[in-house]
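Heads up: the structure comes next, in structure tokens.
Taken together, the values in this text are just the output of simple stated rules run on the coordinates, not laboratory data. Keep in mind that what you see is a predicted model, and the values were worked out from it rather than measured. Ideal geometry is used to build each Cβ from the backbone, glycine not excepted, and the neighbour counts take in all protein chains shown.
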Amino acid sequence: MQLTSLVRSLHRLAAATLFVAGSAASVSAQVPTAVDFLGNNSIVTVRFVGSEAADRSTLAYQIGAIGSFSAGGTWTDLFTNNGAGASAPGTQIQIGNVSSGQNVFFRLTNTTQGVGPNFTNYRFFSGPASRNPDNALHMAVSAGSGLAASGGGTFTTAFSFEDRSATIVPIADFDYNDLRFEIANVSTVVPEPSTYILMASGLAGLGMMARRRRNNA
């Protein structure tokens, strides 16, 4: 494929993914996304939707200036999907007023697989695949419930995490249903062009893994 054709295809792929992320259209499938979240001078509310995971994981958030993502920075826990003290589906938490000059980042920590020094291999982040230890996209987007948020606004878009690694056994299935949540009163931020290549690489990798599973079946 010629370079111009590749670039054009990547732009179309990214545009389709970002359109879904920024809309309230009815979407049944989980679509991997590299978007970040931007405040709009309103109270941001996060709602726990549910989980179909076998592992126990915790969702946390970080608020910072645009582009200030820090994996080792301060994170605040939101929800836990399984086990003792698990969050009830439908639980809403207001994380406060987030200005238009701030990003909201999300992190999923799989505490079942990520034991001892291995825990950093099971911490996955919203945004570009390059933030994750396996260089894969671990968050997907789908249509929200449309319910009213306790801090104002509505949940028009839902997001969900994959909780296992693409490179460590047990290998992730990338069904993106391990911890599902919705966010009200944020905008999505278009990734930089360099992210398109990472998105394409990640999707190509998922395709290769799916073919491998079929061949082994």
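Under 5 Å between amide H atoms, partner at least 5 residues away or on a different chain: which partners does residue 49 have, H built in plane at 1.01 Å?
Answer set, sorted by chain and number: 90, 180, 181, 182.
Compare the peptides 38-44, 54-60, 69-75 by average per-residue count of other Cβ atoms within 10 angstrom and give them in order, highest first.
Descending mean neighbour count gives 54-60, 38-44, 69-75.
Residues with amide H under 5 Å of residue 57's amide H, sequence separation 5 or more or different chain, H placed in the peptide plane at 1.01 Å from N; which?
Under 5 Å from the amide H of residue 57 lie the amide H atoms of 81, 82, 111, each far enough along the sequence or on another chain.
List the residues whose amide H sits under 5 Å from the amide H of residue 104, counting only those 5 or more places along or on another chain, with H placed 1.01 Å from N in the peptide plane.
37, 38, 39
Would you mind computing Rg(Cα) / (2.2 N^0.38 Å) for segment 94-141, counting N as its residues?
Working it through for segment 94-141, the quotient is 1.36.
By how many nm would the segment from residue 91 to residue 76 lengthen if fully extended, with 0.36 nm per residue of separation less the alpha-carbon distance?
Separation in residues times 0.36 nm, less the Cα-Cα distance, equals 3.8 nm.
What is the packing order of peptides 87-98, 117-128, 151-162, taking the mean over residues of other C-beta atoms within 10 Å and listing the highest first?
Averaged packing, sorted descending, gives the order 151-162, 117-128, 87-98.
Could you list, bin by bin from short to long, the percent of Cα-Cα pairs of segment 59-169 in 10 Å steps?
12, 41, 37, 9, 0
Residue-wise, which Karplus ³J(HN,Hα) couplings in Hz belong to segment 143-158, taking 6.51 cos²θ - 1.76 cosθ + 1.60, θ = phi - 60°, and x for glycine or proline?
5, x, 7, x, 5, 6, 8, 5, x, x, x, 10, 8, 8, 9, 10
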